[in-house]
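Heads up, the thing below is written out as structure tokens.
The values are calculated or read from the model by the stated rules, or taken from the named source; none is laboratory data. From a predicted model like this one, the values you see are computed outputs, not experimental measurements. What goes into the accessible areas is simple: the full protein's heavy atoms, side chains included, and nothing from ligands, DNA or RNA. Shrake-Rupley method; radii C 1.70, N 1.55, O 1.52, S 1.80 Å.
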Amino acid sequence: MADDGTDAIVERAVRTATEDLGVPFAAVFTRESDTGALVPAARETTGRENAPEPDLPTVSGGDGPVWAAFADLGEPLDAPRNEPYQERDSWLDESFDDWLVCPLGRHGVFVVAATDGSLSGTERDIARTWAANTRQALERTASDRDLRERDRALKRQNDRLSRLDRVNRLIRSIVP
């Protein structure tokens, strides 16, 4: 999955979560490098009846459970764990009966949700595992991209050093 690039990874993550793993709703929010906000990058809903099509907001510092799960970068945050800390007025609570937000490290969050009751324990476990796989794919893609950029920078530096070496040899041959 990591060879496809970030956009393809998040598209595949939500498609697989809904179509193959049976989660009613899945979305991935990725961190925008310019603003630091979390923007919806992909979303998918199963063909179940009454499946919602919520408007996914851009989320920035301090805005609800999506940001809290991202900023914490630890354990996933779900509707029952969120209740004591925040009023149930987020778009997640308005659109879904139950939800789970799994952090994807510095890359964003993976959201799964259900409208027809609660997510089962199996769906929660699958979502956590799939989020971990998605996180690893995003980490690998970022690492590969960083390595390619470093290789290009090293090549440019080596080319400059080679030119300087040729100029230096030419100057040394002229001096005597």
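With all protein chains present, how much of the accessible area of the chain (probe radius 1.4 Å) comes from carbon and sulfur, to the nearest whole percent?
46
Please list the non-local residues whose amide H lies under 5 Å from the amide H of residue 108, H modeled 1.01 Å from N, same-chain partners needing a gap of 5 or more.
The answer is 31.
Taking θ = phi - 60°, what integer Hz values does the Karplus form 6.51 cos²θ - 1.76 cosθ + 1.60 yield along segment 141-152, in sequence order, with x for Gly and Pro?
Residue by residue, segment 141-152 yields 4, 5, 5, 4, 4, 4, 5, 5, 5, 5, 4, 5 Hz.
What are the residues whose amide H is under 5 Å from the amide H of residue 41, where those residues sit 5 or more places off or on another chain and H is modelled from the backbone?
28, 29, 30
At 222 nm, what helix-only mean residue ellipticity would the chain give, in deg cm²/dmol to the nearest 500, using -39500 (n - 2.57) for each DSSP H run of four or more?
Taking each H run of at least 4 residues, the total per residue is -15500 deg cm²/dmol.
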